[in-house]
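Chemist: Structure provided below as structure tokens; questions to follow.
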Amino acid sequence: MSVKVSAVTAPVWLGEGPHWSHDHKALYFVSIFDRSVYKYDPSTGKCTSSKLSDMPGFIIPVEGTRDEFVVGLKRDVVVIQWDGEDGTARVLKTVAEIDQHSPDNRINDAKADPRGRLFVGTMGHEYEPGKFHLKKGSLYRIDHDGKVNRVVDNVDISNGLCWDEKNRAFYYADSFEYAIRRYDWDPETGDISNPRLVFKYADHNLGGIVDGMTIDTDGNLWVANFDGTQVLKIDPKAGKLLQKVPTPALQTTSATFGGPNLDILYVTTASMNRGTEQKPPCGSTFQVTGLGVRGHPNVSVKLV
């Protein structure tokens, strides 16, 4: 089967954080600078959205609910209620405020670990397009009871986030490190430890930076190569680059597996003008078929 890449949504400004929900049979994602959350239903081809009061860094369903989602709103982790229709989302409560030491920061990417704990990362203020306050970000773990744990600091841009549950591994990227880290992950506590670099862009003559990523059932990573117009398939155990999947957008931001069989790779992109206009279909969400692999179900956030 040949690999096919096709746009499934209209372009947005900064698409990020794709999450496939089996319960809803739909893909959720955000556009950070549009201050909006989105739902794409592949059965109908319909994409709906709702604008929020500030920049959303991610959207993940709350376990056991049909219409509640955890969203990163600037530096706040909040729960919203949303029926998936246009313009109907509203904030129910705030779970946590993070990065209080650096109020200009914003949340950038988050996922629930295989046990439903929320890992959420931040980044420094972008004072000009493509220019950031560096080493201001962090990575946090928010436990089921809402307790906030800062687990990584001195981060430029927090990205990546995926787990190999079988091998008790957590993969993470600080984008300006131009590399992927592996941590040991304790499923009972959620603790991460023993970081080491398992893949460096420079070793493979890759340009651009590391953005969002996901993992397939073979343990290989699928990494959005921002400013690289592609998604990379990486074997993190051997440090090998296995495949390059070109995308029609320079600013490829993140990826997740979805669809009934978890064999469709959904890829978000951006259309930010940083001196060069990014014309459509840049900024669209794409589906990639024919890869011959499957992903793991995305995990909802478990709150008590």
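Chemist: Which of (1) more than 19 Å from Lys302 (Cβ to Cβ); (2) among the small types (Gly, Ala, Ser); (3) surrounded by fewer than 17 Cβ atoms within 10 Å (Cβ to Cβ) is the odd one out, the single condition Gly64 does not satisfy?
Modeler: (1)
Chemist: Continuing with this model, one more query. How many residues does the stretch 159-204 hold that are touching a Ser or Thr at 6+ places or on another chain (Cβ under 6 Å) and either under 20 Å from Gly124 (Cα atoms) or not hydrophobic (A, V, I, L, M, F, W, C) (or both)?
Modeler: Here the count works out to 2.
Chemist: Checking the condition within 21 Å of the chain's Cα centre (by Cα), within 15 Å of Tyr28 (Cβ to Cβ) and of a type outside the set (Ser, Thr, Tyr), which residue from Glu97, Glu85, Glu63 passes?
Modeler: Glu63
Chemist: With the requirement that a residue be more than 20 Å from the chain's Cα centre (by Cα) and of a type outside the set (Gly, Ala, Ser), what does the stretch 201-215 give you?
Modeler: Asp203, His204, Asn205, Leu206
Chemist: Looking only at residues that are over 24 Å from Ser271 (Cα atoms) and open to solvent by 10 Å² or more (accessible area, probe 1.4 Å) in the stretch 216-228, which one is farthest from the chain's Cα centre (by Cα)?
Modeler: Checking each candidate, the answer is Asp218.
Okay, residues lined up against (1) within 14 Å of Gly258 (Cβ to Cβ); (2) outside any strand (DSSP E or B):
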site	(1), (2)
Pro11	no, yes
Gly17	yes, no
Trp20	yes, no
His24	yes, yes
Leu27	yes, no
Val30	no, no
Asp34	no, yes
Tyr38	yes, no
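Chemist: Which ones in the stretch 145-166 are touching a strand residue (DSSP E or B) at 6+ places or on another chain (Cβ under 9 Å) and either of a type in the set (Ser, Thr, Tyr) or assigned to a loop (DSSP other than H, G, I, E, B) (or both)?
Modeler: Result: Gly146, Lys147, Asp156, Ser158, Glu165.
Chemist: Of the residues in the stretch 252-263, how many are part of a strand (DSSP E or B) and without any contact (Cβ under 8 Å) to a residue 60 or more places away in the chain?
Modeler: Of the residues in the stretch 252-263, 1 are part of a strand (DSSP E or B) and without any contact (Cβ under 8 Å) to a residue 60 or more places away in the chain.
Chemist: Those residues that are over 17 Å from Ser175 (Cβ atoms) and not in a strand (DSSP E or B), I need them from the stretch 114-132; list them, please.
Modeler: Hits for the stretch 114-132 are Pro114, Arg115, Gly116, Arg117.
Chemist: When you go through (1) assigned to a loop (DSSP other than H, G, I, E, B); (2) open to solvent by less than 40 Å² (accessible area, probe 1.4 Å); (3) over 22 Å from Thr65 (Cα atoms) one by one for Lys135, which number turns out not to apply?
Modeler: Lys135 satisfies every listed condition except (2).
Chemist: So, one more: Residues to consider are Arg141, Arg168, Arg150; find the one that is under 21 Å from Glu63 (Cα atoms) and surrounded by fewer than 20 Cβ atoms within 10 Å (Cβ to Cβ).
Modeler: Residue meeting the stated conditions: Arg141.
Chemist: Another question, if that's okay. I'd like to know if the stretch 267-274 contains one or more residues that are open to solvent by less than 10 Å² (accessible area, probe 1.4 Å) and without any contact (Cβ under 8 Å) to a residue 60 or more places away in the chain.
Modeler: For the stretch 267-274, residues open to solvent by less than 10 Å² (accessible area, probe 1.4 Å) and without any contact (Cβ under 8 Å) to a residue 60 or more places away in the chain: absent.
Chemist: Output the qualifying pairs, or none if there are none: Cβ atoms under 6 angstrom, residues six or more apart or on different chains, first residue in the stretch 159-174 and farther than 26 Å from Gly15 by Cβ and in contact (Cβ under 8 Å) with a residue 40 or more places away in the chain, second residue assigned to a strand (DSSP E or B) and open to solvent by 20 Å² or more (accessible area, probe 1.4 Å).
Modeler: That search, which allows pairs on different chains as well, returns Ala169/Arg182.
The values are calculated or read from the model by the stated rules, or taken from the named source; none is laboratory data. Only a predicted model underlies this, so the values are computations on that prediction, with no experimental measurement involved. So basically every Cβ, Gly included, is an ideal-geometry build from the backbone, and we count neighbours across all protein chains shown. For accessibility, only protein heavy atoms count, side chains too; no ligands or nucleic acids. Shrake-Rupley method; radii C 1.70, N 1.55, O 1.52, S 1.80 Å.
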